[in-house]
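The values are calculated or read from the model by the stated rules, or taken from the named source; none is laboratory data. Because the structure is predicted, anything quoted here is derived from the model rather than measured. Note: ideal-geometry Cβ built from the backbone for every residue, glycine included; neighbour counts use all protein chains shown. SASA here: full protein model, heavy atoms, side chains in, ligands and nucleic acids out. Shrake-Rupley method; radii C 1.70, N 1.55, O 1.52, S 1.80 Å.
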Amino acid sequence: MKILLVSATEAELKPLRKKWSSYKKGDEYNIGGHQINVFVSGVGMLPTAVNLTKYLAGKFFDVVLNIGIAGGFKNYTNIGDVVEVISDQVYLEGAEDKEGFKSIYDLGLRTANELPFEEGVLKSSYCHQSFPEKKVRGISLNLVHGKQSSIEKLESLKIADVESMEGAAFFYACHQNGLKTAQIKAISNFIEPRN
C-alpha cells in the first residue's frame, strides 16, 4: 500500500520520524510492505489546500492520512486522546447581515451535497480497524478559539467536537484529487480561554 502522511508542521511528525528512522529509504519509509511518504503542508487552510494540491499533482496514493494535533471540547475529549475526525467543515463560511450570520448554503452559493460535500461537511473516505475508536466531528478555522463568549457560541451550535486549522482543506484537496482520506488527531489542548 502506498500511504501519504500529511501534517501541518514538522514538529507534529518528529516522533514518527524518530521512531521510523531505521526504515527510511530516500524520501520515504518502507514499513511492513507499505511505502510511506511524508509531507508538511504548512499551518492553516490556504497553505494546506495549495501546497497539498501541488504536491499531489501527478502522484498516486492508496490513502492519505492527516495526522497531528487538534483542540477539543472538554465534554467530548481529554488531553492526549487520539481521535479520528470523520467529518470536517469550514467554520463561519458565509456572510453576515443585520439579522446575523448566513451560511454559504443559506446564500445559495453552494448546495449542501455539492461534491465533495455531504450534508454540508467533508467526510473521511477511508476506515481501518486500527484507527482510534473515538470518532469526532471537526471544524476548521483561521482563528482558533480563545475567548469565552466565542467558545460558548460555538459549543451551543453542537456542530463540532474538535477544531483545527487544516482539516477541511485537507479533506477538500484530497477529495478533489480522488484520494481516500482520514484524519487522526491527538488532542493537545482544550478549547478554552487562552492562558
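Lys102 meets each of the listed conditions (1) touching a residue at least 24 places away in the same chain (Cβ under 8 Å); (2) among the basic types (Lys, Arg); (3) not in a loop (DSSP other than H, G, I, E, B) apart from (1). Number of residues in the stretch 151-195 that are part of a helix (DSSP H, G or I), buried (at least 23 other Cβ atoms within 10 Å of the Cβ) and among the small types (Gly, Ala, Ser): the value is 4. Looking only at residues in the stretch 38-60 that are touching a helix residue (DSSP H, G or I) at 6+ places or on another chain (Cβ under 9 Å) and not in a helix (DSSP H, G or I), which one is most open to solvent (accessible area, probe 1.4 Å)? Here the answer is Val40.
Against the list (1) of a type outside the set (D, E, K, R); (2) part of a strand (DSSP E or B); (3) under 17 Å from Val82 (Cα atoms), the condition Leu122 fails is (3).
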